[in-house]
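The values are calculated or read from the model by the stated rules, or taken from the named source; none is laboratory data. Since this is a predicted model, take the numbers as computed values, not measurements. Don't worry about glycine lacking a Cβ; one is built from the backbone with ideal geometry, like all the others, and counts go over all protein chains shown.
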Amino acid sequence: MNLGLKNKSALVTGGSHGIGLAIACALAEEGCNVAICARNQERLTKAAKLIESKEVKAIGIPADVLIPADIERVVDAAIRSFGTIHILVNNVGGGGRWEKDIPEDTADQVWQDVYAKNAFAAVRFTKKALPYMLKQKWGRIITISSIYGKEGGGRPWFNMAKAAEISLMKTMAMNQRYVKNNITFNTIAPGAIMIPDTGWETIMKEDPKGFNDFVSQLPLGRLGSPEEVAYMVTFLCSDKASLVNGVCIAVDGGESKSF
């Protein structure tokens, strides 16, 4: 399917590996020029080369989203390279496995950092991208939350941050100033996704029985892949999804329990 995204410019935060990189590659395959940011320069360089192999322009910008000035620098670099931003994917985040699952023993700084890395990073990137989208009267903002942003379970500081991301997108989507300028806001809520060198792979190696017991209870009997999340994001970026606005879509194979 031709999604009509050729020559669009995209910024994918946390785009050097996992879900972010899969999204960046999927958008590149549709002809988008893609900027990515992350903290690890080596990963960024490798990811940018992979994206460029799709015959589009790509830039990798080192940044720590806990530093507001870094967010400003990332957006400015994307604008210098591409002239505008048509698509923003707020993918950067984490914290779902930080600390032990004992709220009263978890330092305030953890709660603050997880919120800042997820929800407030999405706020800052969104605010920076919107003026360009309003000027060109077209834009797509998609935030990667989690099924734990829409139902109970997991670390409370993570759930709180991910629920805030869903609320942000829904509330922005109801603003006629944006919607009448062809800007949509949606959320993706992934379930358990197998990403190399992250939590699930560690659990699989350290506790294979526990991992297999968990996976066996999933409706699909397996974890999802980053690419399966990326395909949904890419569709939402297109004009074929122009009426999809303000929704939170679970991409979890039926894992979550909420409607």
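Miscellaneous remarks
- Evaluation of Asp101 against the conditions (1) outside any helix (DSSP H, G or I); (2) surrounded by 15 or more Cβ atoms within 10 Å (Cβ to Cβ) shows that the sole unmet condition is (2).
- Qualifying residue in region 170-184 (condition: under 13 Å from the mean Cα position of the chain (by Cα), surrounded by 18 or more Cβ atoms within 10 Å (Cβ to Cβ) and not basic (Lys, Arg)): no
- For the residues Asn245, Asn212, the requirement of being polar (S, T, N, Q) and either exposed (fewer than 13 other Cβ atoms within 10 Å of the Cβ) or without any contact (Cβ under 8 Å) to a residue 60 or more places away in the chain (or both) singles out Asn212.
- With respect to the conditions (1) aromatic (Phe, Trp, Tyr); (2) at pLDDT 95 or above; (3) over 17 Å from the mean Cα position of the chain (by Cα), Tyr148 falls short on a single one, namely (3).
- Hey, Arg43 out of contact with any Pro (no Cβ under 6 Å at 6 or more places or on another chain), in a helix (DSSP H, G or I), free of Cβ contacts under 8 Å to residues at least 24 places away in the same chain and of a type in the set (D, E, K, R) or not: no
- Taking the listed residues Ala69, Ala10, Ala77, the one that is surrounded by 24 or more Cβ atoms within 10 Å (Cβ to Cβ) and of a type in the set (Gly, Ala, Ser) is Ala10, with no other qualifying.
- Looking across region 198-242 at every residue that is outside any helix (DSSP H, G or I) and of a type in the set (Ser, Thr, Tyr), the one that is farthest from the chain's Cα centre (by Cα) is identified as Ser242.
- Members of region 215-255 that are in contact with a Pro (Cβ under 8 Å, 6 or more places away or on another chain) and within 19 Å of Leu11 (Cβ to Cβ): Val229
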